[in-house]
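Below is one structure; the comments refer to it alone.
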Amino acid sequence: MDNTHELEIINHNKQVIDDILARTVEKSKRIVYENQPEASKKALVSDMSYMAGWYEANHIPWGEVKKEHILLFVIQHIEGLPPYVDELLVRAKIKARLGPHKIATIERKIASLSHMLNLYKMPNPCYDPDVMELIRSYTNIVGGSQSVGDAITVDELNKLIKACDDGKVIGIRDAAMFLFGFASGGRRRSEICDAMVDQLKRQSDGNYIFLMGRSKSNQAGKLDPKPIAGRAAMALNYWLDVANIRSGPIFRKIRKGGLITDKALDGKDVFRIVKHRCELAGLDPDRYTPHSLRSGFVTEAAKRSKPIFDVMAMTGHNSVKQLMQYYKPGNILHNSAAYLAG
């Protein structure tokens with residue numbers, strides 16, 4: 001099907017999308033852009049751009065949002081977008097690839113739209129009971145999104161570190177990043193990317209205190225110290241010395257030829273590094289994500305019977321329920337509670 005005309009419509013209406021984003025940013029920057037983590041800001045802008053493009057590609061007027069629109073959005077993104085709509089969104093570079101979305105991605109985009117509608121005090125059908133029931137039904141059919149991935153516990157971590165031992169500066173960086181992310185409490189990839197040298201306090205014994213700032217679970221931005229000790233501290237110190245990093249981002253992009261830039265890694269970089277090193281380590285890259293470090297830390301701590309509130313102090317979780325979402329028990333017969341009867 002010739003979809004040149006439809007693509008021209010999307011490109012022609014780019015100014016409309018930009019205007020919508022500009023108004024959203026203008027009205028919400030005090031609340032969202034100054035008081036949310038950087039990753040949340042980027043997600044809001046990206047999601048709103050996507051929603052506006054989807055409306056245009058489906059020839060639905062971008063005005064009052066109706067319940068029927070949200071139901072159609074969910075159905076299309078679970079069962080498959082019409083081919084010409086899918087192709088248009090990819091060609092317009094507001095969708096990364098052809099195919100359906102995970103349920104978690106659909107829910108996030110709807111949440112972003114809901115946020116924008118509430119800001120403008122517009123009718124908001126995003127959480128209409130019919131919409132919620134449809135999402136629940138699809139979740140039962142296709143299963144929930146498994147974005148956390150399998151746990152990278154110490155066994156997997158050791159394999160990843162070994163895979164980084166390639167004699168190159170990029171391997172030194174990646175090993176330090178893995179150990180930093182795991183040992184400091186299972187840091188999210190946004191927290192790894194945002195980590196700055198001035199947040200590090202070197203201790204007399206060679207270990208570090210990392211002063212965590214604003215994060216997903218710390219919206220107020222209160223400094224929250226996390227220890228980086230043992231081989232994680234040694235790997236971090238080695239990376240900083242080799243890279244001659246004295247200020248700015250800790251973990252940086254490296255160009256071909258080993259040139260270390262002053263630009264911090266971004267979330268896509270961390271995702272790519274995890275997949276690449278898993279492949280080199282003989283681990284199935286489809287089973288692991290950057291969040292596997294977080295679930296791995298929680299799982300390893302549970303295996304070693306560490307006090308749960310010590311674990312929460314490291315991860316930053318505010319409740320045991322939140323923490324347990326990251327626990328991956330593995331072989332059920334290894335559960336320490338399996339032999340209580342003797």
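Taking only region 292-315 into account, find how many residues are assigned to a helix (DSSP H, G or I) and within 14 Å of T153 (Cα to Cα).
12
Just one of G206, G171, G167 is farther than 24 Å from C278 by Cα and assigned by TED's automatic domain parsing to the domain that holds M312; which is it?
After applying the criteria, what remains is G206.
Give the residue, chosen from K109, K102, that is within 19 Å of L44 (Cα to Cα), at pLDDT below 90 and of a type in the set (D, E, K, R).
So the residue among K109, K102 that is within 19 Å of L44 (Cα to Cα), at pLDDT below 90 and of a type in the set (D, E, K, R) is K102.
Would you mention how many residues in region 241-259 are in contact (Cβ under 8 Å) with a residue 60 or more places away in the chain and either in a helix (DSSP H, G or I) or crowded, with 17+ Cβ neighbours inside 10 Å (or both)?
Total meeting the criteria: 6.
What number goes with the only condition from (1) buried (at least 17 other Cβ atoms within 10 Å of the Cβ); (2) hydrophobic (A, V, I, L, M, F, W, C); (3) modelled with pLDDT under 95; (4) touching a Leu at 6+ places or on another chain (Cβ under 6 Å) that M212 does not pass?
In the conditions (1) buried (at least 17 other Cβ atoms within 10 Å of the Cβ); (2) hydrophobic (A, V, I, L, M, F, W, C); (3) modelled with pLDDT under 95; (4) touching a Leu at 6+ places or on another chain (Cβ under 6 Å), M212 misses (4) alone.
Has region 155-169 got any residue that is touching a strand residue (DSSP E or B) at 6+ places or on another chain (Cβ under 8 Å) and touching a residue at least 40 places away in the same chain (Cβ under 8 Å)? I'd like the intermediate steps shown before the answer.
To start, the set of residues in region 155-169 that are touching a strand residue (DSSP E or B) at 6+ places or on another chain (Cβ under 8 Å) comprises 169.
Pick out the ones that are also touching a residue at least 40 places away in the same chain (Cβ under 8 Å) and you get 169.
Within region 155-169, one or more residues are touching a strand residue (DSSP E or B) at 6+ places or on another chain (Cβ under 8 Å) and touching a residue at least 40 places away in the same chain (Cβ under 8 Å).
Mind listing whichever residues of region 281-302 are surrounded by fewer than 16 Cβ atoms within 10 Å (Cβ to Cβ) and touching a residue at least 60 places away in the same chain (Cβ under 8 Å)?
Hits for region 281-302 are G282, R287.
Looking for whichever is in a helix (DSSP H, G or I), within 21 Å of the chain's Cα centre (by Cα) and among the polar types (S, T, N, Q) here; the options are S114, S137. Which one fits? Don't jump to the end; show me each part of the working.
Numbers: S137 fails: within 21 Å of the chain's Cα centre (by Cα).
Exactly one residue qualifies, and that residue is S114.
Over 27 Å from D286 (Cα atoms) and either among the acidic types (D, E) or in contact with a strand residue (DSSP E or B) (Cβ under 7 Å, 6 or more places away or on another chain) (or both) - does that describe any residue in region 133-154? Show your work before the answer.
Here is the first cut: in region 133-154, the residues over 27 Å from D286 (Cα atoms) are 133-134.
Now restrict to residues that are either among the acidic types (D, E) or in contact with a strand residue (DSSP E or B) (Cβ under 7 Å, 6 or more places away or on another chain) (or both): 133.
There is at least one residue in region 133-154 that is over 27 Å from D286 (Cα atoms) and either among the acidic types (D, E) or in contact with a strand residue (DSSP E or B) (Cβ under 7 Å, 6 or more places away or on another chain) (or both).
The values are calculated or read from the model by the stated rules, or taken from the named source; none is laboratory data. Keep in mind that what you see is a predicted model, and the values were worked out from it rather than measured. Note: ideal-geometry Cβ built from the backbone for every residue, glycine included; neighbour counts use all protein chains shown.
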